[in-house]
Amino acid sequence: MNEAVDAVGLGTPGGDLSIWALFIQADIVVKLVMVMLLAASVWVWAIVFEKFAALRRANREANRFEDRFWSGGSLEDLYEEEGKQPNSPIAAVFGAAMTEWRRTARVVGADVARSGVRDRVDRAMSVTIGREMERMERWMIFLASVGATAPFIGLFGTVWGIMHSFSAIAAMHNTNLAVVAPGIAEALFATAIGLVAAIPAVIAYNKISTDLSRYAARLEGFATEFGAILSRQSEERA
């Protein structure tokens with residue numbers, strides 16, 4: 001019984017309630033829960049910083065590309081410089097459309113207007129947008145999972161710790177608050193860590209999901225406009 005009491009930090013009124021002491025004195029199961037939640041929290045912040053940086057870079061590159069695209073320069077020159085080896089999602093969409101358009105024009109010759117080239121170009125851009133957005137959305141499911149499950153995982157650690165504390169309290173036959181507080185605090189600390197991991201994950205998921213949706217809409221808007229341009233050029237060549 002004394003080992004159970006010592007394990008939950010009971011028996012010393014006014015025990016150390018520092019964060020480190022709460023972790024060290026906790027039951028092994030509660031410790032594992034805390035470590036898992038702390039690791040998840042670190043990974044959440046790593047994903048958040050990576051996503052914000054990637055979105056900022058993608059929008060910056062899209063602004064630069066669209067400036068060149070709408071400047072009135074040659075589409076062929078732009079394709080040679082950026083479309084063949086794209087370094088941004090919007091350049092990849094442009095490259096896929098140009099590749100398909102040039103391939104179709106080469107095959108069907110003067111009958112390009114009646115060849116369904118617009119449908120093939122649109123499909124090529126749609127597939128590319130899907131692939132690029134899938135790459136940008138990587139790890140988003142992890143943010144959603146942490147946001148949804150971390151509080152419950154922390155609550156599990158709390159319930160386990162409180163059960164352990166109550167067992168030790170029963171062994172001591174002492175319900176003085178100063179005696180039982182450290183053990184209860186250790187258990188509640190797991191829930192606090194769960195919330196520390198979950199709250200940023202939920203906020204970041206909502207924010208990043210909104211930004212990704214806006215970027216996807218930007219790519220789709222560009223694809224629609226570029227498809228119309230290629231369609232007009234196809235009709236002029238027919």
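The values are calculated or read from the model by the stated rules, or taken from the named source; none is laboratory data. Keep in mind that this is a model prediction, so the values were computed, not measured. Note: ideal-geometry Cβ built from the backbone for every residue, glycine included; neighbour counts use all protein chains shown.
Does at least one position in region 137-154 carry a residue that is within 30 Å of Phe94 (Cα to Cα), in a loop (DSSP other than H, G, I, E, B) and among the hydrophobic types (A, V, I, L, M, F, W, C)? Yes.
Being out of contact with any helix residue (DSSP H, G or I) (no Cβ under 7 Å at 6 or more places or on another chain), surrounded by 13 or more Cβ atoms within 10 Å (Cβ to Cβ) and over 30 Å from Gly154 (Cα atoms) is the requirement here; does Arg56 meet it? No: the conditions fail for Arg56. For the criterion of being under 23 Å from Ser145 (Cα atoms) and either part of a helix (DSSP H, G or I) or of a type outside the set (Gly, Ala, Ser) (or both), Ala197 passes. Against the test of being at pLDDT 90 or above, in a helix (DSSP H, G or I), closer than 23 Å to Ser88 by Cβ and in contact with a helix residue (DSSP H, G or I) (Cβ under 7 Å, 6 or more places away or on another chain), the options Ala40, Ala62 yield a single qualifying residue, Ala62. Each residue in region 140-158 was checked for being buried (at least 16 other Cβ atoms within 10 Å of the Cβ) and of a type in the set (Phe, Trp, Tyr), and 1 pass.
In region 159-179, the residue that is farthest from Ile193 (Cα to Cα) out of those that are hydroxyl-bearing (Ser, Thr, Tyr) and either at pLDDT below 70 or crowded, with 21+ Cβ neighbours inside 10 Å (or both) is Thr175.
Filtering region 51-75 to residues that are closer than 25 Å to Ser145 by Cβ and touching a residue at least 40 places away in the same chain (Cβ under 8 Å) leaves Lys51, Phe52, Ala54, Leu55, Ala58. Within region 77-88, residues that are under 16 Å from Ala124 (Cβ atoms) have Cβ atoms under 6 Å from residues that are buried (at least 19 other Cβ atoms within 10 Å of the Cβ) and of a type in the set (Gly, Ala, Ser) in these pairs: Gly83/Gly95; Pro86/Ala92; Pro86/Gly95, counting only partners at least 6 apart in sequence or on another chain.
Sub-7 Å Cβ pairs linking a first residue in region 24-35 that is more than 16 Å from Leu155 (Cβ to Cβ) to a second residue that is of a type outside the set (A, V, I, L, M, F, W, C), at least 6 apart or interchain, are Gln25/Gly9; Gln25/Pro182; Gln25/Glu186, ordered by first then second residue.
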